[in-house]
Structures are given as structure tokens and as C-alpha cells.
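Can you read through this structure? Questions will come right after.
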């Protein structure tokens, strides 16, 4: 299927929690047409028809996937259904947008990556934070060496719920930090250790503490929970020259940069003292674009299809996230045993 001057016809499968946001953004996307929505719930489809009268609806996802006029399919269904739906869409020649995590297992994720690459199709995984202004600014600061050498990343991502049946708290919340780490620092961890627990029998783990180790000596710690009385979304990044805080819940100035740090002195007169000096400078909050991340993401997906380029959160990126989830979960279920992660030559 080729695209010239015609609009990009997009279909969305799943109109539950996240699907309405996808439909809204694709419906407003320049150069695209929100063609169809599939969902098993007739009630959900009635909501689609009421808000978007020109959008086709169906309970048959496979009929939508094989529709000859559709160029791309966005899948926002439970993780357990991702592989079958995405593989069917790729085999039908459709570009695919997949919600995170892209698959239940790394084996499934690798199969999707291979299929997309073999067919020359865009496989985009919706790791939303990569498309936010603050995270893009964090990457800019890190890559420009404004922070000096990165030392640590510390994140707290907790709230009350939402308990889920098919994924644990690592897949639901910690994966955001895995994606931010990969994108901002452009390096991958070599090993992971995690501890966590499911406080309620028959449910996935609802709390976890994860440590990621890197060859450079950089270290990352992630605290995630569905069992906190308040919602917290805060990241600290320390470098040899500057430090960053990112508080997602702040109404303004979410990202702050501190000219603070420590240094060692070689003064022989202080040989019997702690040779640590502290630098305390200014704080500033850089201006970052206040554009919805999903808007940026859908525009990027469209551009990748039209320009035949790969997404920054492509299938290979999504695969790394699934492998990190698997390793962290394996460690957690082995009471914190360190688990090695695959090495990537060209991440």
C-alpha cells in the first residue's frame, strides 16, 4: 500500500482507558484520517459514534486489520492480546502503534521486530514520556554534558492503584523509568536487582524497588507502588557538575536544574580530614514546550510512516524495555538476585 497525496488512514483497536486519547489525537492529526475503531464493547463503540460520527466502528478487530483502505493500526488493548493483534496487522502490511509494554515476553517482542523489519513497516511503541518536553530537555542537558558525568538516577513513582490483572507494578510503572533512562542517557544497564511483593494473594506484585547497574559506574534506583496514600512522580538526577529534579505533578516549573555538587581536594594539609568540598550555586527552571506528549507521539508516528524512517521508540527500543521488565521481575521473584541484561552493540 502506497501513500502519495492521500491521507493516512488510521484505525484504533481498543477504546477502554487509553483508546479515547489515541482516537482524539489521531482525529486531530494533520495529514491523517481517523478511519475506524474496534472494541468488543458495543457501549464503547456507541461513545465513539456519538463523538466521531464519521468514524467506522466494529467489534471485529481482524476485519479492521485486513481492511484494504487502512494504512496503520494503533493497538490499545490488554498486553496479553498485543502479540496476536500486532503480528496480524504487520502481516497484513499495516504500520503498527503499540501501547507499552509491547508484548508479554521478549520472545514475542523479537518476533514482532523481525516481522516489521522484514516488511519495511514502522513499529512504534508508545513510551509516552519520550515525547514530553521535560524529558526531551533532560536528554539535551545530559547529551551536551551540561551535568558533567552522570552519577545517579533516583525515581519515585507511586500511587493508590490501579491494580491490574495482566501486568505487575514493574510493567505498569517502572517501565516509564526504564524508557526515560534509555532515552536520556543513551546507554543500557548491564544488570538489575529488584525486590517486591504482592500483598494480596492472586494479584500481581504491587510494590517494587529496582536497582539498575551500568558499566560506567552510573546507578539507577526506581521505587514503584500501587499501594501509596498519595501520588508521587519525582525524579532526581545527579551529575558531577549539576543536578536535576523533575516533578511531574508540579503545575509549573516541573524541571529544575541545580548548580550543586561535590569535589575532592588534593590539599596535603587536609590529608587527615574529609577532602570533600561542596558547591552550592543557583537553581533555574528552563522553559520547556507545553505540548501534549501524545500529540508529539502521533505526529512522530505519522512522519516516520511518510518519510520511511524509524521511530525513536521503535520495536528495538520496545524490546529492550520488555527485556528489562523480564529481568527485573526474575530478580524480584528470586528475592533480589542480580540478573544480567543482554548487551547491545547499536542501541
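The values are calculated or read from the model by the stated rules, or taken from the named source; none is laboratory data. Quantities reported herein were computed from a predicted structural model and do not represent experimental measurements. All Cβ positions, glycine included, derive from the backbone under ideal geometry; neighbour counts span all protein chains shown.
Taking residue 222 as the residue in question, decide whether it is within 19 Å of residue 320 (Cα to Cα), touching a helix residue (DSSP H, G or I) at 6+ places or on another chain (Cβ under 9 Å), at pLDDT 95 or above and in a strand (DSSP E or B).
Numbers: within 19 Å of residue 320 (Cα to Cα): yes; touching a helix residue (DSSP H, G or I) at 6+ places or on another chain (Cβ under 9 Å): yes; at pLDDT 95 or above: yes; in a strand (DSSP E or B): yes.
Against the criterion (within 19 Å of residue 320 (Cα to Cα), touching a helix residue (DSSP H, G or I) at 6+ places or on another chain (Cβ under 9 Å), at pLDDT 95 or above and in a strand (DSSP E or B)), residue 222 qualifies.
If you check every pair at least six apart or on different chains, which have Cβ atoms under 7 Å apart with a residue in the stretch 150-164 that is not assigned by TED's automatic domain parsing to the domain that holds residue 182 first and a residue that is exposed (fewer than 14 other Cβ atoms within 10 Å of the Cβ) and in a strand (DSSP E or B) second?
Close Cβ pairs (under 7 Å, with a partner that is exposed (fewer than 14 other Cβ atoms within 10 Å of the Cβ) and in a strand (DSSP E or B)) do not exist here.
A further question follows. So which residues in the stretch 5-19 are out of contact with any strand residue (DSSP E or B) (no Cβ under 9 Å at 6 or more places or on another chain) and crowded, with 24+ Cβ neighbours inside 10 Å, if there are any at all?
Scanning the stretch 5-19 gives no hits.
Only one of (1) within 22 Å of residue 79 (Cα to Cα); (2) part of a helix (DSSP H, G or I) is not met by residue 203, so which one is it?
(2)
State all residues of the stretch 50-83 that are exposed (fewer than 14 other Cβ atoms within 10 Å of the Cβ) and farther than 28 Å from residue 105 by Cβ; if no residue qualifies, say none.
If we filter the stretch 50-83 for residues that are exposed (fewer than 14 other Cβ atoms within 10 Å of the Cβ), which is where we start, we get 50-51, 53-54, 59-60, 63, 68-69, 80.
Answer for the stretch 50-83, where residues must be exposed (fewer than 14 other Cβ atoms within 10 Å of the Cβ) and farther than 28 Å from residue 105 by Cβ: 50, 51, 53, 54, 68, 69.
Assuming residue 37 fulfils every condition listed in (1) at pLDDT below 95; (2) assigned by TED's automatic domain parsing to the domain that holds residue 93; (3) touching a helix residue (DSSP H, G or I) at 6+ places or on another chain (Cβ under 9 Å) apart from one, which condition is it?
Unmet condition: (1).
State whether the residues of the stretch 290-298 include one that is at pLDDT below 95, in contact with a helix residue (DSSP H, G or I) (Cβ under 7 Å, 6 or more places away or on another chain) and assigned to a loop (DSSP other than H, G, I, E, B).
Yes, there is a match, as at least one residue in the stretch 290-298 is at pLDDT below 95, in contact with a helix residue (DSSP H, G or I) (Cβ under 7 Å, 6 or more places away or on another chain) and assigned to a loop (DSSP other than H, G, I, E, B).
Right, something else. Go through the stretch 307-337 and give me each residue that's within 10 Å of residue 192 (Cα to Cα), out of contact with any helix residue (DSSP H, G or I) (no Cβ under 7 Å at 6 or more places or on another chain) and either modelled with pLDDT under 95 or surrounded by fewer than 18 Cβ atoms within 10 Å (Cβ to Cβ) (or both).
If the condition is that a residue be within 10 Å of residue 192 (Cα to Cα), out of contact with any helix residue (DSSP H, G or I) (no Cβ under 7 Å at 6 or more places or on another chain) and either modelled with pLDDT under 95 or surrounded by fewer than 18 Cβ atoms within 10 Å (Cβ to Cβ) (or both), then 330, 336 are the ones that fit.
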